[in-house]
Amino acid sequence: MNAVFSGGLWSVFLFFGVSAGYIWALNGPKWGYKILLLLALMVILGSQLLPAGHVFRVRIAEGLNWWFWAVIIAIPVVLYGWWVRWLKRKVEQRDDP
């Protein structure tokens with residue numbers, strides 16, 4: 001169990017991916033993915049209710065911290081890409097007769 005706990009967020013992603021693969025391979029219902037996603041989110045949120053020194057809680061918090069900063073860095077890049085695409089569409093509309 002220590003291997004699962006020390007994996008943290010990657011363990012949750014791995015279990016989610018394998019389970020989603022089983023749902024897909026066995027032609028499971030579409031709502032199965034939603035339940036699986038809800039379960040994964042509940043595990044992530046529930047891990048933060050564990051004692052402060054618990055390995056799983058610490059690893060999940062580290063993983064969430066990494067994703068937080070990755071999203072913060074990605075937001076201006078994505079916004080710039082959308083703005084450039086919007087400008088390109090506006091210029092192409094002016095060129096059309």
Residues that are under 13 Å from the mean Cα position of the chain (by Cα) and under 10 Å from residue 9 (Cα atoms), drawn from the stretch 44-66: 44, 60, 63, 64
Filter pass, residue 10 being within 23 Å of residue 68 (Cβ to Cβ), aromatic (Phe, Trp, Tyr) and loosely packed, with under 15 Cβ neighbours inside 10 Å: yes
Residues of the stretch 49-61 that turn out to be closer than 11 Å to residue 6 by Cβ and open to solvent by 80 Å² or more (accessible area, probe 1.4 Å), as a count: 1
Test for residue 85: is it in a helix (DSSP H, G or I), open to solvent by less than 80 Å² (accessible area, probe 1.4 Å) and not acidic (Asp, Glu): no
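The values are calculated or read from the model by the stated rules, or taken from the named source; none is laboratory data. Everything quoted here is computed from the prediction, not taken from an experiment. Positions of Cβ are generated from backbone atoms using ideal geometry, with glycine treated the same way; all protein chains shown enter the neighbour counts. The protein model used for the area step is the full one, side chains on, heavy atoms only, and it has no ligands, DNA or RNA in it. Shrake-Rupley method; radii C 1.70, N 1.55, O 1.52, S 1.80 Å.
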